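Heads up, the thing below is written out as structure tokens.
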Amino acid sequence: MTLTQILLLIPLLPLAGAIVSGLGRNVVGRNGAHWITIFAVAASCGLSFKILGWHMQGLIGVENLSVYTWMVSDGIKFEIGFLVDHLTSLMMCVVTFVSLMVHIYTIGYMQDDPGYQRFFSYINLFTFAMLMLVMSNNFLQLFFGWEAVGLVSYLLIGFWFKKESAIFANLKAFLVNRVGDFGFLLGIAAVVMAFGSLDYATVFAAAPGKAGDTISIIGGMDWNLMTVICVCLFIGAMGKSAQAPLHVWLPDSMEGPTPISALIHAATMVTAGIFMVARMSPLFELSDAALSFVMLIGAFTALAMGMIGIVQNDIKRVVAYSTLSQLGYMTVALGVSAYSAAIFHLMTHAFFKALLFLGAGSVIIALHHQQDMRYMGGLRRYMPVTWITAWLGTLALIGFPFFSGFYSKDAIIEAVHLSERWGSGVVYWAVVLGVFITALYSFRLLYLAFHGNERFEVVNSDEEHLPDGQVAHAPVESPFVVTMPLVLLAIPSVVIGWYTIEPVLFGGWLDDSIYVLERNDVLAELGHHFHGATAMALHAVQTIPFWMMVAGFAVATLVYQFRPALADMAARRAPGIYRLLEHKYYFDELYQRSFADGSLKLGQGLWNKADAGLIDGWLVNGSAKAVNWLAGRVRRWQTGFLYDYAFAMIVGLIAILGTWVVLR
Amino acid sequence: MREQLLIAAPELWVLLMACVVMTVDVFTSRERRGIIHLLVMLTLMFAAIITLRGDYHSGGTWAVTAFSETFIRDPMSDVLKLFSFAVMALVYTYAKHYLRHFGLYRGDFYTLTLFALLGVMFLISANSLITVYLGLELLSLSSYALVAFNRESKRGSESAMKYFVLGSMASGLLLYGMSMVYGATGSLELQTISETIRNGREGDVLLVFGLVFLVAGVAFKLGLAPFHMWVPDVYHGAPAAVTLFISTVPKLAAFAMAFRLLHSAMGPLHADWQQMLVLLALLSLAVGNFAAIMQTNIKRMLAYSTVSHMGFVLLGLLPASAEGFGAAMFYVIAYALMSAAAFGVLILLSADGVEAENLDDFKGLNHRNSWYAAIMAMVMFSMAGVPVFIGFFAKWLVIKAAIDAGLIVLAVAAVVFSVIGAFYYLRVIKLMYFDDPLNDKAIEAPVDFGAAISLNGILMLGLGLFSSSLIAICMASFSYL
């Protein structure tokens, strides 16, 4: 098999799986659906690791392959192609591995769901779309993948389409992403306008030459071209990667089944924005203003969203806000030109956050879909595997030395510290404080769910819907198909940082995909102080982030383990802050009142006046009437009489003759 | 001589097999008619192989002539013939189901269509006015008989009569035009005619006079307004299997005929015929789309839609450039495939000896069989020119060709009319998906029918997604221009 064929197989296998298990869902049945889809993802995962292996051995380099030219319009090629470099192969492995784990986990989680095959079809389709996105070598395919993952995300958030809140959530996700995608599309349009090409290689090669160009958008004001392009593209990333103020859809997306929260809304799709910016590093490097913007947005998201996590009671929402906060960290890393650190954190985060989500899902199964942590507690006695893996995931998340999250997060914080970008001083303290917050909400979750007293009552009944605080049967450890992915995800969550920090961050693994100007290269500077992964972990005890983490741990332990009353007291003492966090800084209310209600009112106004009156009355109905009238006339010509037909031909002939022969 | 016969080998093979089929039919009993079907399918397969095996495809531009330059084989003729065979195979597969159902499963259908196919092939390869006329008559005479194929049907006989009278009139016009051209140039051979005109006969009124009649003949064959009157009645009156044939393969030949007559022979008078075609195109787009809206009978609706589709094909012919002809050729091929699929689904819906022909028959098709509804939806989207389906690229290419030739007004009109046209295509989709079915009878089809229509439907999407290879083939056929 040639390389192109292998690369084609990687996304097409999941697509085929999605089609077979989706359209043929009644033919293949439940078992057929999960076997087919799991086989497809496993095969594409295996092939992805093979590609990664070839990269590690240096058998292939940067492969820029054009597979198919769909059409050429005005010199712009619409192509399907693959750009496979180290960044791509890393992403392919992360995506397919997490996807595979989630596929297996789903067998247990969705066991009793009537939409079993549909679900497998969707997640397989998602894997296809995500692979198309990361493997793309041009903006069009990137956009295709971008929209396709958005579509599947929409379908999966609303998977339980009879649930009112799920429908609200998927509509919200869809609309908010539309805002981001609009920016993204404008960015791509600006790229096409400026470079006349959709191809990455062409655009990146021409970019330095256009660094100083300006364009005027509104009345004579000149804007730096690169800044406009990068900010527009980044607005797309803000939508997809849920950066404030376009983050509001992600917490609500938890209405979807837990496996997809892990796969789409934690490990892969939401990191598409991060990946995209890293991929576009040759453009972003040319605009300091855009990078500052990126960094500030990221820092705000990292800190502010983490704080909301402290007051949430829904176990999945805590993890969701934690995801937002971690995405903020990645964005900060992008903003200080530490693209490799962002990708590195993306990778470690994919493992430990998928682990935490799946762990939360395991708890939810055990408690029969109870998600409120106020009715949990003491679960460690019932479900040891989930408990231990949740601990490992938490330690990775808070950045405990030697765990994967420590390496990636510490690298980001240090990179910010070294950066000289405008605003990096404030951002540094935001991300350091973020470490405290992260430890606080993470341990709060652990304590509330697994430790302390049981706050639920086992009633041993067969009732479908029990009041909060009652469960039908005593919780038991989840089945093997659920715990196996937990264990398999726990392993990379623990070790992958230690193992890969050196090549990924300082060994030049990503040098062929990421471009950093020398003056921005904070990671190179960081590399001078790097003396191996073990030394870095040992050195941690002398750094502020470490003690921030310890402080978070201490506060959480004190409050949630020993003095539960303290939490309520804190809430009472500072009602303003508490209410602010409880309402998530009023973003939802603001959007609901201004955009949602506003556009409803605007729409209603336009509908009543403009649409019903002018457009419907005059243009639509008017033209329809005109067309109808004309059509009636035309039909009447078709009398059915032969002589009329012959007459029409003769008239036509004479008309042509008259025009071109006589009047000539 | 052997050389010359080899050039025309596909035609000779089809001729031979038409005679064989006719003979075998006499000796086969009613129950064993399947043999005829098999024989005809083999004929098509080998005809395709013979066409492909001709070792003229040495790359680049090529053209060989035979029989004193009356017969030509060039890239365009080979591609069109191959598609004729492919579409014919679809036609036979669909038609067999229909003929069986309506007690019309007789050998004459196969014989007549094979002779019509032979006419199509000659028309495609014609290089002299005589061959054009011969091919046309062979095709037309077979078609008249086919329309009246169901002797019991009054409507069939009536429309066959109309078709015959109007067709004869059109042949007369064409022949008259040919005689004018012959009189003015002293030649029947297309290249010689064009050379003679180029050598100082551009302003000859006699030639323009002849040209008008040639255009009228071509317009009749393509079904362009105001020479389109036969189209709805014939589509409506003929048995669905025959309509299926008439609406597909002969259009490929009509395009070739238009190209041969207007470009190969009358190329130097491009300025004159372009104006005429602009008029015909506008009229066809208007009449086709407006009239189609009012139809409740789907066969008539598709007939009018054909008129507008042929208007689009003209858009590609107008510029007389390689891109334009390539676009027009892509359009007719796409149209033949779309039309085959549409009539295929129509045949599928016919049951209990009653032809499905009303739009109401499509109501709730999705509830009865979602796969066939999906196929029909793809066909309708494609005909309406919705992106990613093949019909979109067809429309896009011809409109682009028209714009490149500076015919902006015509291009805008074409877009407006295609928007109007979208209405009646989308109405079919609305009926299929949003209305309740009139009956809940399950739709059954033989395996070969199901496979063929599925392939045909998927091609709507597949050729849209992977359109560039077919476009490249069409464009390459005219690269010598």
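Nothing in this text is a laboratory measurement; each read-out follows from the coordinates by a stated rule. Because the structure is predicted, anything quoted here is derived from the model rather than measured. We place every Cβ from the backbone using ideal geometry, glycine too, and count neighbours over all the protein chains shown.
Computed as a quarter of the hull surface, the mean projected area of the alpha carbon convex hull for region B:1-116 stands at 7.7 nm². Under 5 Å from the amide H of B:F71 lie the amide H atoms of B:A66, B:N127, each residue being 5 or more positions distant or on a separate chain, with H modelled from the backbone and absent for Pro and chain starts. Kindly write out, for region B:366-371 in residue order, the coupling ³J(HN,Hα) from the Karplus curve 6.51 cos²θ - 1.76 cosθ + 1.60 (θ = phi - 60°), rounded to whole Hz, with x marking Gly and Pro. Running phi through 6.51 cos²θ - 1.76 cosθ + 1.60 with θ = phi - 60° gives 4, 6, 7, 7, 6, 5 Hz.
In this simple spin-label approximation, A:L590 and A:D314 carry label points 7 Å from Cα along the Cα→Cβ vector, and these lie 2.1 nm apart. By the beta-carbon count within 10 Å of each Cβ, the least crowded to most crowded order of B:T196, A:T106, A:T37, fewest first, is B:T196, A:T106, A:T37. Amide H contacts of A:D314: A:M373, each under 5 Å away and 5 or more positions distant or on a separate chain (H built 1.01 Å from N in the peptide plane; Pro and chain starts excluded). The Cα center of region B:9-53 and the Cα center of region A:85-159 differ in position by 51 Å.
Over all orientations, the protein assembly as shown has a Cα convex hull whose mean projected area works out to 51.2 square nanometres. Sequentially through region B:174-183, phi angles give Karplus couplings (6.51, -1.76, 1.60; θ = phi - 60°) of 4, 4, 4, x, 4, 5, 4, 4, 4, x Hz, Gly and Pro residues having no value and appearing as x.
Here, P(r) means the percent of Cα pairs in each 20 Å bin from 0 to the largest distance; for chain A it is 18, 49, 24, 7, 3, 0.
A simple spin-label model places pseudo-atoms 7 Å from Cα toward Cβ; at A:I215 and B:A63 they are separated by 4.7 nm.
Taken over the alpha carbons of region B:129-202 as equal point scatterers, the Debye sum produces base-10 log I(q)/I(0) values at 0.17, 0.19, 0.26 Å⁻¹ of -0.70, -0.78, -1.09. Overall, chain B carries a charge dipole of about 480 debye about its Cα centre when +1 sits on the Cβ of Lys and Arg and -1 on the Cβ of Asp and Glu, all other atoms neutral. Of the residues B:L365, B:A286, B:T185, the one whose Cα sits farthest towards the positive end of the charge dipole of region B:2-476 is B:L365 (charges of +1 on Lys and Arg Cβ, -1 on Asp and Glu Cβ, taken about the Cα centre). May I ask you to list the aspartates and glutamates whose Cα is less than 18 Å away from that of A:K210, ignoring any residue fewer than eight positions away on the same chain? Reachable aspartates and glutamates: A:D199, A:D222, A:E285, A:D288. Across all directions, the average projected area of the convex hull around the alpha carbons of region B:2-476 is 20.8 nm². For A:M71, the amide hydrogen comes within under 5 Å of the amide hydrogens of A:F78, counting only partners 5 or more places away or on other chains and with H modelled in the peptide plane.
Counting only residues at least eight positions apart within a chain, or on another chain, the aspartates and glutamates with an alpha carbon under 19 Å from that of A:K609 are A:D597. Evaluating 6.51 cos²θ - 1.76 cosθ + 1.60 at θ = phi - 60° for every residue in region B:425-435, the Karplus couplings come out as 6, 5, 4, 4, 5, 4, 4, 5, 9, 10, 9 Hz, glycine and proline recorded as x. For region A:603-664 and region B:242-311, what is the separation of their C-alpha centers, rounded to whole Å? If you average the Cα positions of each part, the centres end up 18 Å apart.
The helix-only estimate of mean residue ellipticity at 222 nm for the protein assembly as shown, built from DSSP H runs of length n ≥ 4 each weighted as -39500 (n - 2.57), is -23000 deg cm²/dmol after division by the residue total. Start at zero, step by 5 Å, and the Cα-Cα distances of region A:1-107 spread as 2, 12, 18, 19, 16, 14, 10, 6, 2, 0 percent across the bins.
Give the distance, in whole Å, between the Cα centre of region A:48-66 and the Cα centre of region B:200-215. When both Cα centres are located, 66 Å separates them. Considering only A:V176, B:I197, B:T23, whose Cα is most displaced toward the positive end of the charge dipole of the protein assembly as shown, charges sitting on Cβ of Lys, Arg (+1) and Asp, Glu (-1)? Farthest towards the positive pole: B:T23. Listed here are the pairs A:K316/A:K409; A:K601/A:K625; A:K625/B:K162; A:K625/B:K430; which of them are more than 26 Å apart at the Cα? Result: A:K601/A:K625; A:K625/B:K162 exceed 26 Å. The magnitude of the dipole of chain A, with charges of +1 and -1 set on the Cβ of Lys/Arg and Asp/Glu and taken from the Cα centre, is near 1180 debye.
For a paramagnetic label modelled at 7 Å from the Cα of A:S66 toward its Cβ, which residues of region A:121-158 fall within the zone defined by backbone nitrogen distances under 15 Å? The answer is A:137-141. The slack in the chain from A:R381 to A:L59, taken as 0.36 nm per residue of separation less the alpha-carbon distance, amounts to 110.9 nm. Structural descriptor for region B:2-476: relative contact order 14 percent, calculated from alpha carbon pairs under 8 angstrom and at least 6 residues apart. Projecting the Cα atoms of B:I50, B:A356, B:L136 onto the dipole axis of region B:2-476, where Lys and Arg carry +1 and Asp and Glu carry -1 at the beta carbon, places B:A356 farthest toward the positive end. Rounded to the nearest 20 debye, the dipole magnitude of the protein assembly as shown is 1620 debye, with +1 charges on Lys and Arg beta carbons, -1 on Asp and Glu beta carbons, and the Cα centre as origin.
Given in Å, the Rg to one decimal and the Dmax to the nearest whole number for the Cα atoms of region B:305-432 are 15.9, 53.
Taking other C-beta atoms within 10 Å as the exposure proxy, B:V64, B:V313 rank B:V64, B:V313 from fewest upward.
Report the percentage of all Cα-Cα pairs in region A:549-664 whose separation exceeds 26 Å, rounded to a whole percent. In whole percent, the share of Cα-Cα pairs in region A:549-664 beyond 26 Å is 67. Legend: P(r) of region A:403-512 from all alpha carbon pair distances, 5 Å bins from 0, whole percents, reading 2, 9, 10, 13, 15, 14, 10, 8, 7, 6, 4, 2, 0.
Taking other C-beta atoms within 10 Å as the exposure proxy, A:L657, B:L112, A:L486 rank A:L657, B:L112, A:L486 from fewest upward.
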